[in-house]
Structures are given as structure tokens and as C-alpha cells.
Amino acid sequence: MGNLLGTLSIASQALEADQGALQVTSNNIANANTPGYSREVSVFEPEPVVTEGNVEFGQGVTLSQVQGIRDQVLELGLQQGLQQQGQTNSYLQSLTQVQSLFNEAQGVGLQGPLSNFFSSLQNLSTNPTNSSLRQAVISAGQTLASAFNQASSGLAQVQQGLNQGIPQTVDQINQLTQQIAQINGQIQQAQSSSADPNQLIDQRNQLIEQLSGLVGVDNISASDGSVTLTTTSGALLVSGQQSFALTTGNVSGNVDVFSQGSDITANLSGGTLGGYLQARASISSTQQGLDQLAYSLGSAINAQQEAGYDLNGNPATHEPFFNLPASGPSGAAAQISVALTDPSQVAASSDGTAGSNGNVLALANIENQTVVSGQTPTDYYSNFVATIGTEVQQSTNQQTAQNLVVQQLQNQKASVSGVSLDEESANLIQYQTAYSAAAQVVNIINQIARTAITLGQSG
């Protein structure tokens, strides 16, 4: 209203609004280095006007709300980037361990033992009755079998590490979803009571980002301020104030992930958990390839060995060179071993005479025969190792690209939601000036009121 009391009320409201804005600004400055903090802005609204006659009078200002500044599109993009980054990091870590099992430059792998085995057969062909050369063939075979065993054991150890990491990651996921559900409830309560939920929202966003680094999630916002979280395949993780824990169980020697009793392992992707599952599938394929090489090579050697004659002129029909699983390639790399114990059992002869070298030449020639999936043993192994190396290189490039994307999204988020000390300093001056001006109005109204009272007394 157009009187002193109305003017005093307007000034008092301005003092209160500017004081609140100063508090918001001070809080921004205090949290400039707080991880995940989103800057807040003071939202002012004018009070409704009143009309007296033909004149409208404003009734001042109110601090209607404190608004957190966020870009939901950026936040969702960052969550997706963290999912991809987490999967690539854990996948690459496991794949690098696999690559180290076939590091020929450091003398680890099968290339040397393969070459030495066939060289020992070639050497024996020059003097098939020589006991030392015969023993060298058996020793080279044992070294080759041991190399297969060690590579298979190494793959099994990496696989075991993944199976141990999966339950640990699931436990971390469950802890985060419990916290998110709890904060959902606090945000709902804050909104229903018109309290400020901004710091709670920041805490929840940080937890969702951590969760995204562990598993792929989809985020659905509700009108009450809560979020519903599911895996990218639709398994429910959080709904309102309730979280739904994932569980793990042993399935065919591997650890699988379950949601409310259903095995969802095949549908999971993203984050550390997705990387573990991707690596586990890749290692299983690598193990199958290694088994195929061991079984095909061993079978070809055995077939040729049993077609010849030993040093005593006996047919080697029942004297295989390698022990192999009877059921097929599965487990061949872990189980292969040299069956022969006596150097005289090496079937070098093709006709039963002691000086014949026809069969040992045929054994040596297997090196150049396409006995493993249409490839020679050496070519198959070279391609086998090259495939691992290519996958490591591609994943490394992908990791570099994803790290850049995540960093860019984090920078963009900081530019939108982060605190600028220069901007907040300017706001401090602005609100301080407004507060001082409103206080000056109060002082003037007080002076006018005292003058009016004095005039009344003198009358």
C-alpha cells in the first residue's frame, strides 16, 4: 500500500531476500572445491501488486527458491561415458594379462617350443638311430606340452580372477543402490516439505556416476524427485525408496549374476562388471583356440607316429606320442603330455628298418601341413597371437578415446554446474549493495516516522 508501513514492509522483505541470496552465494564459495557440488542461484519473484484507485503498488520481492544449476542431458551423457569407460578399462586390464601369456619377445608362449619340436624331428631324420637325438625329440615334446599347460593354466588364473571380481563388483553395486534408494526418500520428503533438496540431488548424482562406472544403467526421473534405475537390459535396481539387490551364483564353473532369481548375465553390459563378463567370454574363446591347436597338432603327430616303426622294428600302432583327452579338444591344452618314456619308441622308421627315416620326415613335415582349422600349426598360432594383439590395440585406442570423451563431458558439466569464484564475487557485491540500499530505506522510514511522531507531540 502507498504508506510508510507498506514501504517499511517492502524494505524488510528486500533485506530478508538479499540476506538469503548472500547466504546462497557464500555457500557456493565455500563449496567451490567440493566434488559433485552444483552451484545454486537465488530466484527472486515480485510480490503481487495491490490497486488503490487507479494506481497499482508493488509489494516488494521474495526469495522464491534456491535452484541448483544442472544440465540433465550432460549428466546422462556423462553417466553413459562412465559406463563405456569402466567396461573398456576392466576388459583391457584382463586382456593385457592374456597377452602377457604369449609374449614371445620375453620367451613366453608357444612359438619357440613349436619351432624347437619340429627342429628336433628334422635333426633326428639325419641319424634316426642316434639315442641322443631321439631323447631330444622327447624332451622337445615335453617342453611343448609344458608350454601348452602353462598357457592354459595362465588363462584359467585370469578367468578365476574375473570370477572373483564379479561378486565383489556386485556387492559394490548393491551398496550404491541402497544409498541411492535412501536418498530418493530424503529428496521426496524434502520436496513435500518445500525444503531445499539440491545437496541431496548432488549426492545422488555422484552415487549414480559411481554406479555407472560399475554397470550399465538407465535413469528415469519421477515427478516426486526420485529416480528409477535399471540395468540397460531392464533389470530393476532402484524404484523410489526401494533397492533391488543383485546376487551371484555358480553356473557351469563360472559366476553368473541374478536379478530377483533370473540369470541376467548374458544381458549385462557397461561398467566394470560388463568388462569382466566381456573378458570372460573372450578368454573362453581364447582357451578354445588354444585347445584346438593342442588337440589338432597332437592328433596329427599321434596319427603319423602310429603309422611308423620304433627303433626295434616294432609297429608303433599303440604308441601315441602325446596323451590327449579322449573326448575331444576341450581341455587339450591343459592335459596334453608326452606319452613316450623310452627314446627307442620314437617311430622314425617307415618300413621297420633301423636306418629308415621316412616316418620321422613325415612327422617333421606336419609343421607345413594344414592340420589345424585349415592352417599349419605355425600359421594358426601366429594368427592366434595376432588376434589377441589386435584386440588389445583396438581396446587401448578405444580407452584413449573414451577417456577424452569423459574428460570433455566432465569439463562441460563443470562449466554449467561448477562454481566460478569470479561470478560469485560479483554476486556478493550485487547482493551486498542491494542489502545496503534496503537497509537505507528502513533507516529513512524510521527517520520519517520519528519526525512525524515529534511533530505530533509539538502540536
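Readers should treat all values here as calculations from the given coordinates under stated rules, not as data from a laboratory. Bear in mind that the values here come from a model prediction, so they are computed numbers and not experimental data. All Cβ positions, even for glycine, are placed from backbone atoms using ideal geometry, and neighbour counts span all protein chains on display.
Remarks
- Each pair of Cα atoms in the stretch 114-154 enters the Kirkwood radius, and Stokes-Einstein at 37 °C and 0.692 mPa s then converts it into a translational diffusion coefficient of 311 µm²/s.
- Computing Rg and the Kirkwood Rh from the Cα coordinates of the chain gives a ratio, Rg/Rh, of 1.34.
- ³J(HN,Hα), Karplus 6.51/-1.76/1.60, whole Hz, each residue of the stretch 217-223, x for Gly, Pro: 10, 10, 10, 10, 8, 10, 5
- The residue among Val416, Ala334, His318 whose Cα reaches farthest toward the positive pole of the charge dipole of the stretch 312-459, with charges on the beta-carbon of Lys, Arg, Asp and Glu, is Val416.
- Considering all different alpha carbon pairs of the stretch 314-427, the Kirkwood hydrodynamic radius works out to 20.4 Å.
- Cα-based Rg / Dmax (Å) for the stretch 390-459: 29.8, 102
- Formal net charge of residues neighbouring Thr62 (Cβ-Cβ distance under 9 Å; K, R +1; D, E -1): -3
- Going from the residue with the fewest nearby Cβ atoms within 10 Å to the one with the most, Ser344, Ser356 rank Ser344, Ser356.
- Expected-Rg normalisation [2.2 N^0.38 Å, Cα atoms] applied to the stretch 48-123: 3.12
- Between Leu428 and Ser192, the modelled label-to-label distance comes to 3.9 nm, taking each label 7 Å out from Cα in the direction of the beta carbon.
- Computed magnitude of the charge dipole of the chain (debye, nearest 20; Cβ of K, R +1, Cβ of D, E -1): 480
- Going from the fewest other Cβ atoms within 10 Å to the most, the residues Glu16, Glu104 appear in the order Glu104, Glu16.
- Two-decimal ratio, the stretch 1-157, of alpha-carbon radius of gyration to 2.2 N^0.38 Å: 2.66
- Helix-only mean residue ellipticity at 222 nm for the chain, each DSSP H run of n ≥ 4 adding -39500 (n - 2.57), per residue, nearest 500: -21500 deg cm²/dmol
- Taking 0.36 nm per residue of sequence separation and removing the Cα-Cα distance, the Glu47/Thr62 pair yields an extension gain of 4.7 nm.
- Direction-averaged projected area, Cα convex hull, the stretch 259-311: 6.1 nm², rounded to one decimal.
- Span-like helix check, the chain: qualifying full DSSP H segments, with Cα axial length of 27 Å or more and mean Kyte-Doolittle of 0.0 or more, are 4-30, 421-458.
- Each of Ser259, Gly275, Asn446 was placed along the dipole of the chain (beta-carbon charges, centred on the mean Cα), and the one lying farthest toward the positive end is Gly275.
- Cα centroid of the stretch 241-296 to Cα centroid of the stretch 90-146, whole Å: 32
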